[in-house]
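Engineer: What follows is a structure written as C-alpha cells; I'll ask about it next.
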Amino acid sequence: MMQYDIVIVGGGPAGLSAAVAAYDKGCRSILIIERDSELGGILNQCIHNGFGLHTFKEELTGPEYAGRYIDMVYERNIEFKLNTMVMDISPERVVTAMNREDGMFEIEAKAVILAMGCRERPRGALNIPGYRPAGIFSAGTAQRLVNIEGYMIGKEVVILGSGDIGLIMARRMTLEGAKVRCVAELMPYSGGLKRNIVQCLDDFGIPLLLSHTVVDIEGKEHIQAVTIAEVDENRKPIKGTEVRYPCDALLLSCGLIPENELSASAGVELSRVTGGPVVNESLETNIKGVFACGNVLHVHDLVDYVSEEAKKAGETAADFVRGEIGESTEQEIVIKAESGVRYTVPSTLNLGRMDETLVVRFRVGDVYKDAYVSVYLNDKRIQHKKKRVIAPGEMEQIILKKSELSAFDDLQTVTVKIEKE
Amino acid sequence: MEKRELTCIGCPMGCLVTVELDGGKILSVTGHTCKRGEIYARKEVTDPTRIVTSTVRVEGGVKERVSCKTREDIPKDKIADVMKDINRVTVKAPIKIGDILIENAASTGVPIVATANVQEA
C-alpha cells in the first residue's frame, strides 16, 4: 500500500494552499489528489478579476490566482495525481482512489485534509414547476461551458438566484452578446456580494427582482419562456404578479453545498447549518488526523480567505504528523452562535492547542443595518463592533486572543451574536 | 450640492462610500476603509473605468480558449468595443500568463493579456 504523511483530497485553492503550508512546516511526504485534468479547481473557470487583494496585494483573475499557487506547488516538488477520483476515506485514514493508469489503489495517510470544495444546488432541489427542457443550467456549469469550452449557451437569458456566480454570469453573457432579461431572487435581499450587483448588473442595466421566483418553465425540447412572479413574506407566489419572459436559457444560482459524501462515509460529523464538517480550532474534525478547509468546510465568498484557512489546516496537519498537536489537558470551550449568527467555524476551541490568535468566521441569517457584532466570554462582553451592514451573502469574522481567553476565570463558552445596540 | 452613495468594487469588502459633489467638483469622500476606495470613488463620479475579462480563441493548444483581461482598467463606455476586438482574434499556442494577445484594444492604449497558460497540443 502507498504511504504518505499527508493526503489532500482536492487540488483547488484550498488543497493547494494546504499543501504549500504543510510543506513549509517541514512535511515532505504530501500527495494531492485531483479529479480534474489540471490543478486549480473552480478558479480555472472564474476568469473575472477581483481575486488576491488580501493574499497577493494585487487584483488577479481566477486562473492567475490559481497559477500562483500551482507554481508554489511545482517549486516545492509536491506530488499530485490528476484525473484521479477518491472513492473512500476510512476512519483509519486509508484513502481509496482510482484513475485510468493505476486502476483502484489504496493509500495509508498519517493525516488527511479534506479540500473537495462545494457544488451547486441543482434544479431538482429547487422545486420549480414546469417542463424539463434543455437550456436550463446551473450558473457554474454555464460558466464552464462559456469560459473553458467556448460554447455560447443562449441569446436570451433569465437567471434565477442572485448568488455571485449568477451575477458574474449575467455580465459574462451580456459581454458575449446575449440579452440577460433579469435576475430573480426569492429572498428580499441578494445572495451575492454588493460589488457584483454594481459591476455585473447595474453597469449593464440588468434588473434585479428581489422577492421574485420562477413559477413556470415552458418548452418541451428546448426552453422557450419562464414565468416569474413576486412572492410574499412566506415566499409564496402572489397571484396576478406573473410576468412571462421569453428566453432560450435559464441559469440557476441558488446556493452552494459543501461536497461531503466522502467525509460522511469516513464518519466525520457534519454541521446541519453549513453542511460541512464540525471542526475545532485546529480545523480538525471529530476523526483524529482528518482536517477540513475551504468550501468543503463552509462556503466562502473570497478565495483569499479559503487560502488563509487552508494554510492553517496544512500547518496543523504537519504538526499532527510530527506529533506536535497532541493531547491537551485543557477542556474544550464551545463557541456558540446566537441572535442572528447562524454558525461559526470553528465551533470549539482548546486553549492548550490554540495559537496566539484565532480567526472565527461566521454568517448571519438576515440583513442587519447599523448593528453590532458582539463577542462574550461566558456572560461578559469583550468585543462590540458596529457595522453599517451585515448580510447573509457576506462572511464575517472576529479574532480571539489567547492571552485574553487564558486570563478569564472558568471560561466555558465564547458566544458570537448580533446586537441592535 | 449633490451626494452620491457608491459601493466600492475595489475588493469584495464592498465598502459604502459617500461622495459629496458641487457642480462636478468633489467636496468630500467618506466611508472608504482603504486608499483604493477613495481612488475608486473619485474616478467613478468623474471618469468610471473597468477591467474587462473574457476569452480568446486558441489554435493548436490543449485548450480551445485562453482567458484574458485588459492589463489596466479602461473607460466604461469602451467595454463593448474592447469585446469586439477580443472576439476578432485567434492566437496560437503556446501561451503564457501575461503574454500580450492584442497590443492596443479598441484604441484605448491598453493591451489585452493572457491570464492562463495553454500548452501546445
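Engineer: Can we say B:Glu20 is surrounded by fewer than 19 Cβ atoms within 10 Å (Cβ to Cβ), modelled with pLDDT under 95 and either within 12 Å of chain A (Cβ to nearest Cβ) or under 20 Å from A:Pro63 (Cα atoms) (or both)?
Structural biologist: No: the conditions fail for B:Glu20.
Engineer: Now a separate question. Could you tell me whether B:Lys63 is within 12 Å of chain A (Cβ to nearest Cβ), buried (at least 19 other Cβ atoms within 10 Å of the Cβ) and farther than 21 Å from A:Asp203 by Cα?
Structural biologist: Details: within 12 Å of chain A (Cβ to nearest Cβ): yes; buried (at least 19 other Cβ atoms within 10 Å of the Cβ): yes; farther than 21 Å from A:Asp203 by Cα: yes.
Against the criterion (within 12 Å of chain A (Cβ to nearest Cβ), buried (at least 19 other Cβ atoms within 10 Å of the Cβ) and farther than 21 Å from A:Asp203 by Cα), B:Lys63 qualifies.
Engineer: Do we find a residue being at the interface with chain A (Cβ under 9 Å from one of its Cβ atoms) and aliphatic (A, V, I, L, M) anywhere in region B:37-56?
Structural biologist: Yes; the residues of region B:37-56 include at least one that is at the interface with chain A (Cβ under 9 Å from one of its Cβ atoms) and aliphatic (A, V, I, L, M).
Engineer: When the residues of region B:1-15 are narrowed to those that are within 14 Å of chain A (Cβ to nearest Cβ) and more than 29 Å from A:Gln143 (Cα to Cα), which ends up surrounded by the fewest Cβ atoms within 10 Å (Cβ to Cβ)?
Structural biologist: Filtering first and then ranking leaves B:Glu5.
Engineer: Is at least one residue of region B:66-86 out of contact with any strand residue (DSSP E or B) (no Cβ under 8 Å at 6 or more places or on another chain), open to solvent by 20 Å² or more (accessible area, probe 1.4 Å) and either within 9 Å of chain A (Cβ to nearest Cβ) or under 17 Å from A:Gly67 (Cα atoms) (or both)?
Structural biologist: Yes, that holds for at least one residue.
Engineer: Another question, if that's okay. Among A:Val278, A:Val334, which is the only one that is hydrophobic (A, V, I, L, M, F, W, C), loosely packed, with under 15 Cβ neighbours inside 10 Å and more than 30 Å from A:Thr174 (Cβ to Cβ)?
Structural biologist: Numbers: A:Val278 fails: loosely packed, with under 15 Cβ neighbours inside 10 Å.
Unique residue meeting the criteria: A:Val334.
Engineer: To continue, here is another question. Among the strands (runs of 3 or more DSSP E) confined wholly to region B:33-98, which include 1 or more residues that are farther than 20 Å from A:Phe51 by Cβ and free of Cβ contacts under 8 Å to residues at least 40 places away in the same chain? Let's see the steps before the verdict.
Structural biologist: Values: elements: B:53-59, B:65-70, B:90-92.
In region B:33-98, B:53-59, B:90-92 are the strands (runs of 3 or more DSSP E) which contain 1 or more residues that are farther than 20 Å from A:Phe51 by Cβ and free of Cβ contacts under 8 Å to residues at least 40 places away in the same chain.
Engineer: Restricting to region A:387-409, what's the tally of residues that are more than 30 Å from A:Gln331 (Cα to Cα) and of a type outside the set (Gly, Ala, Ser)?
Structural biologist: 6
Engineer: Select from region A:170-216 the residues that are assigned to a loop (DSSP other than H, G, I, E, B) and facing chain B (nearest Cβ under 9 Å) and write down the one among them that is surrounded by the fewest Cβ atoms within 10 Å (Cβ to Cβ).
Structural biologist: A:Gly177
Engineer: A further question follows. Taking the stated definitions as given, is A:Ser271 surrounded by fewer than 21 Cβ atoms within 10 Å (Cβ to Cβ), away from chain B (no Cβ under 14 Å) and under 15 Å from the mean Cα position of the chain (by Cα)?
Structural biologist: Working: surrounded by fewer than 21 Cβ atoms within 10 Å (Cβ to Cβ): yes; away from chain B (no Cβ under 14 Å): yes; under 15 Å from the mean Cα position of the chain (by Cα): yes.
The answer is yes for A:Ser271.
Engineer: Moving on. Please give the number of the condition A:Glu149 fails out of (1) buried (at least 18 other Cβ atoms within 10 Å of the Cβ); (2) of a type in the set (Asp, Glu); (3) farther than 23 Å from B:Cys15 by Cα.
Structural biologist: Among (1) buried (at least 18 other Cβ atoms within 10 Å of the Cβ); (2) of a type in the set (Asp, Glu); (3) farther than 23 Å from B:Cys15 by Cα, A:Glu149 violates only (1).
Engineer: Restricting to region A:364-388, and then to whatever is exposed (fewer than 14 other Cβ atoms within 10 Å of the Cβ) and part of a strand (DSSP E or B), can you tell me which residue is farthest from the chain's Cα centre (by Cα)?
Structural biologist: A:Lys380
Engineer: Same structure again: Which of the strands (runs of 3 or more DSSP E) found entirely inside region A:1-83 contain at least 1 residues meeting this: open to solvent by less than 30 Å² (accessible area, probe 1.4 Å) and farther than 30 Å from B:Arg50 by Cβ?
Structural biologist: Answer list for region A:1-83: A:2-9, A:30-33.
The values are calculated or read from the model by the stated rules, or taken from the named source; none is laboratory data. On a predicted model such as this, the values are computed, not experimentally measured, just so you know. Note that we place each Cβ from the backbone using ideal geometry, even for glycine, and neighbour counts take in every protein chain shown. Surface accessibility is based on the protein's heavy atoms, side chains included, excluding ligands, DNA and RNA. Shrake-Rupley method; radii C 1.70, N 1.55, O 1.52, S 1.80 Å.
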